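To keep things clear, I will list the structure first and then write my remarks on it.
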Amino acid sequence: MPQPQPRSALSVVRVARGAAVVGSLALLPLTSACGGGDETAAQGKPSRTPTVSAQQAQVVAPAKVEVLAGLTGCTAKIRVEADELREGVCHTASGDYLITTFPEERFKETWLETAGVYQGTYLVGMRWVISAKPKLLEQFRPKVGGDIVRMSGMAPAPGAPGST
């Protein structure tokens, strides 16, 4: 049969439990406040949450396909999931495009060297590439950052960012 605990030990336990409850209740408004501006937007009121583009925020971390897709206004369908890259396709009213991300910068460089054979224009960021029509790339750049690179033949076109 368990020994009854001294009265002071029970008091400490009760105080600790009470402090935990009070602490969690104090944090509740903070967590729910971060939840959504959707309710105000749904009621026709402007949201108080500022919208900041990746370029304005000077994002330097490599992004996921899903994050870049969201910033460009689509939900990407992943079509390649490999060790060297992930690729998602976006179908929008403005046009279709591919978003490719890489686990390491060297994989992106290899991909760009290979893509150079086919020519084309790409929006290139840290460990990611968006393949689309130049008009779309111009629209995406303020939202996601990166540099527009025009490939011609085996190397970037003269004067293109990254060509030296």
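Return the carbon/sulfur percentage of the accessible area of segment 91-137, one whole number, probe 1.4 Å, all protein chains in place.
That share works out to 54 percent.
Ordering K135, K64, K108, K143 by accessible area with a probe of 1.4 Å, largest first, what comes out?
So the residues, ranked largest to smallest area, are K135, K64, K143, K108.
Net charge within 13 Å of L136 by Cβ-Cβ distance, Lys/Arg positive one each and Asp/Glu negative one each, not counting L136 itself? Working shown, then result.
Values: positive: K133, K135, R141, K143; negative: D96, E138.
Net of charged neighbours comes to +2.
Rank these by accessible area, largest first, 1.4 Å probe: R150, R141.
Descending order: R150, R141.
What is the local net charge at A69, summed over the other residues whose Cβ is closer than 15 Å to its Cβ (Lys, Arg +1; Asp, Glu -1)?
+1
To the nearest 10 square angstrom, what accessible area does V89 show with a 1.4 Å probe?
Answer for V89: close to 20 Å² accessible.
For D147, tell me the accessible area in Å² from a 1.4 Å probe, rounded to the nearest 10.
70
The values are calculated or read from the model by the stated rules, or taken from the named source; none is laboratory data. Note that the structure is predicted; figures quoted are calculated from it, not measured. Cβ coordinates were reconstructed from backbone atoms using ideal geometry, including for glycine residues, and neighbour counts include every protein chain displayed. Calculation scope for accessible area: heavy atoms of the full protein, side chains included, ligands and nucleic acids excluded. Shrake-Rupley method; radii C 1.70, N 1.55, O 1.52, S 1.80 Å.
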